[in-house]
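The values are calculated or read from the model by the stated rules, or taken from the named source; none is laboratory data. In this text the structure is predicted, and so the values were computed from the model without any measurement. Cβ atoms come from the backbone with ideal geometry, glycine included; neighbour counts cover every protein chain shown.
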Amino acid sequence: EITLKEAYKNYFKIGVAVNPNTLEKDGDLIKKHFNSLTPENHMKPEELQPKEGEFTFEKADKIVAFAKENDMELRGHTLVWHNQTPEWMFKDGDKEASREVALKHMKEHIEAVLEHYSKEPFYAWDVINEVIADEGDELLRESPWRSIIGDDYVEKAFEFAHAADPNMPLYYNDYNESHPEKREKIYKLVKGLKDKGIPIHGVGLQAHWGLEDPSLDNIREAIEKYASLGLKLHITEMDVSVFNFEDRRTDLSKPTEEMMKKQAERYDAFFKLFREYSEHIESVTLWAASDRYNWLNDFPVRGRKNWPMLFDTENQPKESFLRVTSFN
Ligand code: G3I
């Protein structure tokens, strides 16, 4: 049986999101098929600096150690976000932070994290995650970073990261990246940064996709549009849900055969597209190794699974895996 990383060795790195738990339970599967790791949660701000000046790198460092022991590289995720960020970053004692204080918190966090990992095998960092508004005319979503600092918090984050590690490829990462309306907004943001000379080197397409949506044409258009900026692309958080997010049914304990067949066809078509654009795509990361554990087991409905990955709940290859590895 061929492995994912062998099948794709001439195309791109094959990554997986992990945490200390999955490394322990699914380590063999992860070692066998993947050559890049992204920490699913443990390099987010609340995990690395829960209190001002108190850095807790232990769990994140386990992930780095696992990568090195197994000859893998890492994608850092994420330096700045509106979620999973400790409250103190937006405060100055018990008052709201001023612009200067919030910028200082952001800068010191970015510097400490990039400094801590400066000798480790990272090939990219998500500097900013999901800042675009999904709907409406505004380009940026509301967030404490934005309301305290102003819209330029985005460029400041890239500048701080570049100053801290001038050789590190820096990424903007977002979801719904293939929907035409959001695609245009992401393009506008990233092009604006590039035009201003802000150090940004790539776009992360999260790729939380489903059986129907987005269409292949929309994905192709998104890839072409972002690549036209002369930036590298990473597929950063891929999964293919069998239920869409509007479907709140909880009474189905197993997906139908038809759903699994459709999922395999979708995975096949997506990876075919990625191979076609492999000149631009440097890595493809799945947001979990198998259906046993992944964030969609509880989202958007608690207790319902979504069977979104390439391996099943016993970590055995699914039809989807066979399809994406049997192209040559
Ligand atoms: O750590 C606590 C634990 O102490 C507690 O017992 C448990 C009870 O619910 O919760 C644990 O925290 C959870 C955390 O994952 C760690 O498992 C949070 O509730 C839960 O909200 C959190 O979810 C993560 C989510 O980001 C939060 O924003 C998912 O695991 C993670 O897969 C997901 O990843 C994001 C990417 O970073 C950005 N793009 C979207 C993607 C999917 O939502």
Can you work out which of the residues in the range 257-287 that are in contact with a Phe, Trp or Tyr (Cβ under 7 Å, 6 or more places away or on another chain) and small (G, A, S) is surrounded by the fewest Cβ atoms within 10 Å (Cβ to Cβ)?
S278
Restricting the range 28-85 to residues that are within 16 Å of K107 (Cα to Cα) and part of a strand (DSSP E or B), which is nearest to the ligand (Cβ to nearest atom)?
V80
For the range 86-134, name all the residues that are without any contact (Cβ under 8 Å) to a residue 12 or more places away in the chain and more than 21 Å from F57 (Cβ to Cβ).
K91, D92, G93, D94, K95, E100, V101
In the list D126, D134, which residue meets the criterion of being within 19 Å of the chain's Cα centre (by Cα), within 16 Å of the ligand (Cβ to nearest atom), part of a loop (DSSP other than H, G, I, E, B) and among the charged types (D, E, K, R)?
D134
Reported set for the range 175-190 where residues are closer than 19 Å to D217 by Cα and touching a Leu at 6+ places or on another chain (Cβ under 8 Å) is E177, S178, K185, Y187
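Residue-wise test of (1) within 21 Å of E282 (Cβ to Cβ); (2) among the aromatic types (F, W, Y); (3) surrounded by fewer than 22 Cβ atoms within 10 Å (Cβ to Cβ).
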site: H109; (1), (2), (3): no, no, no
site: E115; (1), (2), (3): no, no, yes
site: N129; (1), (2), (3): yes, no, no
site: D134; (1), (2), (3): no, no, yes
site: S143; (1), (2), (3): no, no, yes
site: D174; (1), (2), (3): yes, no, no
site: K191; (1), (2), (3): yes, no, yes
site: I198; (1), (2), (3): yes, no, yes
site: H208; (1), (2), (3): yes, no, yes
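Can you tell me how many residues in the range 137-152 are away from the ligand (no atom under 16 Å from the Cβ) and either part of a loop (DSSP other than H, G, I, E, B) or under 20 Å from the mean Cα position of the chain (by Cα) (or both)?
Of the residues in the range 137-152, the ones away from the ligand (no atom under 16 Å from the Cβ) are 137-140, 142, 146-152.
Pick out the ones that are also either part of a loop (DSSP other than H, G, I, E, B) or under 20 Å from the mean Cα position of the chain (by Cα) (or both) and you get 137-140, 142, 150-152.
Residues meeting the conditions: 8.
Are any residues in the range 221-246 loosely packed, with under 15 Cβ neighbours inside 10 Å and farther than 22 Å from W125 by Cβ, and if so, which ones?
Residues of the range 221-246 that are loosely packed, with under 15 Cβ neighbours inside 10 Å, as a first pass: 224, 228, 230, 244-246.
Scanning the range 221-246 gives E224, S228, N244, F245, E246.
On the basis of being buried (at least 17 other Cβ atoms within 10 Å of the Cβ) and among the aromatic types (F, W, Y), does F55 make the cut? Break it down into steps so the answer makes sense when it comes.
Details: buried (at least 17 other Cβ atoms within 10 Å of the Cβ): no; among the aromatic types (F, W, Y): yes.
The answer is no for F55.
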Qualifying residue in the range 166-183 (condition: among the aliphatic types (A, V, I, L, M) and closer than 30 Å to E120 by Cα)
yes
Qualifying residues in the range 293-321 (those that are at pLDDT below 95 and of a type in the set (D, E, K, R)) - the one surrounded by the most Cβ atoms within 10 Å (Cβ to Cβ):
K305
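Of the residues L37, L29, L23, which single one is over 24 Å from W125 (Cβ atoms) and surrounded by 17 or more Cβ atoms within 10 Å (Cβ to Cβ)? Before the answer, list the steps.
Working: L37 fails: over 24 Å from W125 (Cβ atoms); L23 fails: over 24 Å from W125 (Cβ atoms).
Only one candidate passes the filter, namely L29.
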If we keep only residues of the range 194-214 that are more than 16 Å from the ligand (Cβ to nearest atom) and either free of Cβ contacts under 8 Å to residues at least 12 places away in the same chain or in contact with a helix residue (DSSP H, G or I) (Cβ under 6 Å, 6 or more places away or on another chain) (or both), then the residue nearest to S320 (Cα to Cα) is L211
Return the pair list, or none, for Cβ contacts closer than 9 Å from residues in the range 63-85 that are within 13 Å of D126 (Cα to Cα) and touching a residue at least 24 places away in the same chain (Cβ under 8 Å) to residues that are near the ligand (Cβ under 10 Å from one of its atoms) and hydroxyl-bearing (S, T, Y), at least 6 apart or on different chains.
L74/T38; R75/T38; R75/T236; G76/T38; H77/T38; H77/T236
All positions within the range 269-290 that are of a type outside the set (F, W, Y) and touching a helix residue (DSSP H, G or I) at 6+ places or on another chain (Cβ under 8 Å):
A269, L273, H280, I281, V284, A288, A289, S290
